[in-house]
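First the structure, in the form of structure tokens, and then the observations on it.
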Amino acid sequence: MTQCEIPPSLALNSDPTPTGVRPDRGVFISTYGCQMNVNDSERMMSLMEMANFTPVDRPEDASVIIINACSVREKPVQKVYSEVGLYRKLKKENPFLRIGVAGCVGQQEKENLIKNQPLIDFVFGTDNIDELPLIVARLYEEDGPGKAVEARFKHREPYHVETLVRNPGVSTFVNIMKGCDNFCSFCIVPFTRGREKSRPLQHVLTDVRHLVKRGVREVTLLGQNVNSYRDDDMDFADLLAAVATQTDIQRIRYTTSHPKDFNEKLVETMAKHQNKICEYIHLPFQSGNTDVLARMNRGYSREDYLRKIEMIKKGLPDVVLSTDIIVGFPGETEEQFNDTVSLVEEVAFETMFAFKYSPRPFTKAARFEDQVDEDAKQSRLVRLIEAHETQAFEIVKKYEGQVLEVLVDRAEDATGKVSGRSTQNKNVHFLGSSADIGKLVPVRVMKAFPNVLRGERVMS
Ligand code: SF4
């Protein structure tokens, strides 16, 4: 269902009060997880606003509380139950309060959530976000279902979801696809987000043009595996080129890439449009050992990954690389872990996100018998972070003295400090005012730290 298809009884300016809803109609959304979840929460809130609900900052002020929860990290379901437990008192005080669970946890657990925690009134999945206003409206009907679960994948339906964002600011996300067909053996995403589906290229362009009119300067094209984007015979590189040449957006980023699908055409496209496409690539490698990669079902070897990095660095000499790594995958030996450390050292990533392996339901790796014990995982994580930190400090020193173009997105007029991101995705701080927000400002870096660069505005 698109926003135009919201039932008339819920549309803006229609009768604002379905039976039993408190007139204040506040909605509170609690979000855990990745950018995709943050983007989904924004969509939920926009849809609820169109149905005459009001966003609130405190659960105490809400008639509807939604927990949009990620199941990629540890103990997600327990986290949901403990958050719902915090609302017990509110539920007692306010008989109109309805509590829902969404996101990957909703998709994964479905009715189990309501069975195990009766304070939960409704659950909806990752393909059912657009049904949210209708689900909530039915809950408030006198002869309504009382509880609701809507978590069916819509495999056969096209993925037509226009970007809904209330306050996009200067930089925002645009979904270009959903789901994943890769089935890495550790990952729950194919089970919670379903199969890959891409949005039509023209829809993405229309969204970006609208966002530009609303003052957006930078978009991040978002998908679990953007390199698999397809619209007829057009691929992700074609989409990037189209956004760069057929819209007035000033900066384009994207995430996330899969090494097996990252190709030369994409590098060439980035090089050709480097005035707009940021030379920053997040390319998760997960393990530096080929046997571990095979057990992860990643579809590439250590050597394949290194060849891709070489190709990227050749085509984009100033590229900034970041990555994701899992330590302590089932069966990983010390020697295999050392291959991961050596790959980090060889590639010289500016940013690294490292995690201890933890089993996820439905996944193949959760059934592997040779799980690594917790102490070994912890020790490997610490050693990997240490190895990277030593290197990261040296890498960022190269920025000292350089002039970077910073898109300002925050300002504290009281202190005169402003901050923003450079094309390299560096967080840069310098002196300015709120008048700088949305501007691209040249800044000379005076001092570089791994997580922040401090600089001075270059006067023209
Ligand atoms: S490619 Fe990414 S999202 Fe897809 S299964 Fe692998 S880790 Fe999960």
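Could you go through the range 417-431 in sequence order and give the Karplus-derived ³J(HN,Hα) for each residue, using 6.51 cos²θ - 1.76 cosθ + 1.60 with θ = phi - 60°, rounded to whole Hz, and x for Gly and Pro?
9, 10, 8, x, 10, 7, 4, 7, 6, 8, 7, 10, 10, 7, 8
Whole angstrom only: what separates the Cα centroid of the range 137-207 from the Cα centroid of the range 23-50?
Between the Cα centres of the range 137-207 and the range 23-50 lies a distance of 13 Å.
Give me the angle, in degrees from 0 to 90, between the Cα long axis of helix 236-246 and the longest principal axis of the Cα atoms of the chain, rounded to the nearest 10.
80 degrees
Dividing the alpha-carbon radius of gyration of the range 389-445 by 2.2 N^0.38 Å (N being the number of residues), what value is obtained? Before the final figure, lay out each step's value.
Working: Rg = 12.1 Å, N = 57, 2.2 N^0.38 = 10.2 Å.
Taking the Cα Rg and dividing by 2.2 N^0.38 Å, one obtains 1.18.
Where does helix 76-86 land angle-wise versus the long Cα axis of the chain, in degrees 0 to 90, nearest 10?
50 degrees
If only Cα atoms are counted, what is the Rg of the range 99-245, and what is its Dmax, in Å?
17.5, 53
Which peptide among 289-298, 53-62 comes first, and what is the full order, when sorted by highest mean count of other Cβ atoms within 10 Å? Can you show the working numbers first?
Details: 289-298: 19.7, 53-62: 16.1.
The most tightly packed comes first, giving 289-298, 53-62.
Rule-of-thumb check for the chain: C-alpha Rg over 2.2 N^0.38 Å? Kindly include the intermediate steps, with their values, before the conclusion.
On the way: Rg = 23.2 Å, N = 460, 2.2 N^0.38 = 22.6 Å.
That works out to 1.03 for the chain.
What is the dipole size for the chain, taken about its Cα centre, with +1 at each Lys and Arg Cβ and -1 at each Asp and Glu Cβ, in debye to the nearest 20?
Values: 61 positive and 66 negative charges, 109 e Å.
Using only the charged Cβ atoms, the result is roughly 520 debye.
Which residues' amide hydrogens lie under 5 Å from the amide hydrogen of residue 406, considering only partners 5 or more residues apart or on another chain, with H built in the peptide plane?
It is 441, 443, by chain and number.
Mind listing the phi-derived Karplus ³J(HN,Hα) values for the range 186-197, rounded to whole Hz, using 6.51, -1.76 and 1.60 with θ = phi - 60°, and x for any glycine or proline?
With the stated coefficients, the range 186-197 comes to 9, 10, 8, 3, x, 8, 9, 10, x, 6, 5, 9 Hz.
Which residues' amide hydrogens lie under 5 Å from the amide hydrogen of residue 150, considering only partners 5 or more residues apart or on another chain, with H built in the peptide plane?
123, 124, 125
Add -39500 (n - 2.57) for each DSSP H run of 4 or more in the chain, then divide by its residues: what number comes out at 222 nm, to the nearest 500 deg cm²/dmol?
On the way: 14 runs with 148 residues, N = 460.
That calculation yields -9500 deg cm²/dmol at 222 nm.
Please tell me the relative contact order of the range 156-278 in percent, rounded to the nearest whole number, where contacts are Cα pairs under 8 Å and at least six residues apart.
Details: 196 pairs, mean separation 31.4, N = 123.
Relative contact order here is 26 percent.
How compact and how long is the range 279-399, expressed as Rg and Dmax of its alpha-carbon atoms in Å?
According to the Cα coordinates of the range 279-399, Rg and Dmax are 14.6, 46 Å.
Towards the positive end of the charge dipole of the range 279-399, with charges on Cβ (+1 Lys, Arg; -1 Asp, Glu), say which of 342, 393, 301 has the farthest Cα.
So the residue we want is 301.
Out of the GluC sites (Glu not before Pro) in the range 364-460, which ones are loop residues according to DSSP with at most 10 other C-beta atoms within 10 Å?
Working: sites: 369, 374, 386, 389, 394, 400, 405, 412, 456; in loops: 369, 400.
Filter output for the range 364-460: 369.
With the contact rule set at Cα under 8 Å and sequence spacing of 6 or more, what percent relative contact order holds for the range 400-457? Please list the in-between numbers first.
On the way: 145 pairs, mean separation 21.5, N = 58.
So the answer I get is 37 percent.
So what is the relative contact order of the chain, in percent, for Cα pairs below 8 Å that sit 6 or more residues apart?
Details: 910 pairs, mean separation 42.9, N = 460.
Normalised by residue count, the contact order of the chain is 9 percent.
How do 434, 422 rank when sorted from fewest to most other Cβ atoms within 10 Å of their own Cβ?
Numbers: 434 12, 422 23.
In increasing order of surrounding Cβ atoms, one gets 434, 422.
Please report how many Lys pairs in the range 156-278 have alpha carbons closer than 19 angstrom, counting only residues at least 8 apart along the chain or sitting on separate chains.
5
Read-outs: derived from the displayed coordinates by stated rules, not from any lab. All of these numbers come straight from a predicted model, not from anything done at the bench. Cβ coordinates were reconstructed from backbone atoms using ideal geometry, including for glycine residues, and neighbour counts include every protein chain displayed.
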